[in-house]
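Rule-based calculations on the coordinates, nothing more; no lab input. Computed from a prediction, not measured in an experiment: that's the story for all the values here. Backbone-built Cβ (ideal geometry, glycine too); neighbour counts: all protein chains shown.
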């Protein structure tokens, strides 16, 4: 497996990535993961069958050479039936080169909406990346897309539909059903959340999250509701950085990457979850929020439209429209009973559609299918 998730090396884990790969290891003889990263990381033994190896590269330009070198070393020691890559760019190209050299099968994951015009405009080289992704998609033995919208885009560029499987990211929904009551009350007191409405956003600091739209929307909400508190989790924003983006007297909870238990605590303490992303292929945190009974207000990205049923488990608004986002946030704050009902609808729906165990089985079965073919 070729990955860019440094959490697999035991540092900066966001969510259940280690647990998920440990679970994958239960169904295979051996799973070795090469993680593309700079210096400062070491080999991580995740389980008896799962080990992650850092490229330990001097810079990003060396990721390809270091990843390919480690891949060759591992192939010379073991016979691998399948190569899995996290994305269709750098890890995908290294996977393609290893496939050619060692005649193994190749599965490429499409976790991002790389066909979105918003993604294409973010960086000058994204059009080149998309060209590479199209080539690799046609060369792969299998493709896992996390939403049907991504599959439709792949079929449009000529990828055979029969080699694409739509399997969302596995999520352990049980983790978000309950919360530590004592810890919850303690957190409320320490952060002065009594009689406050906590609005939550969880995610890395990335252009795709469109934070300017989120900040404008929250500022509009604060004009009408002075009882709100904004929690930005995982993005590493500081008060100084937000000075010109949000009202200075708006109470905030700001953190970098945190453990899943802390995120779950906030899901249960919050009044609603808000997302302003310009493009998402799925939206794992939206599923988690709904699993905790939290209503969601989100922009209508490719992935979000497959999770949130507008008006039933949350609200969808046009991408980039802060006023529309603010309007729906205010509606949920002003109508707490309706918000609770929508949150409960979400809790029921995610159990029907996003069972983590079922998705893990689908992924393992897809590996076996590719190998057998």
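Remarks
- Each residue, residue 60 and residue 127, gets one label point 7 Å from its Cα in the Cβ direction; the gap between the two is 2.0 nm.
- Three-way shape call for the range 298-360 based on the alpha-carbon gyration tensor, with the a/c threshold at 1.5: oblate
- Relative contact order for the range 127-283: 26 percent, from Cα pairs under 8 Å spaced at least 6 residues apart, divided by residue count.
- Here the range 248-285 and the range 297-373 have alpha carbon centers that stand 15 Å from each other.
- Packing around the peptides 204-214, 114-124, taken as the average count of other Cβ atoms within 10 Å per residue, puts them in this order, highest first: 204-214, 114-124.
- Prolate/oblate/rounded label for the range 173-353 (Cα gyration tensor, a/c 1.5): rounded
- Its Cα gyration tensor gives the chain an equivalent ellipsoid; the semi-axes, largest first and in whole Å, are 37, 21, 20.
- Using alpha carbons only: equivalent-ellipsoid semi-axes of the range 203-297, gyration tensor based, whole Å: 20, 15, 14
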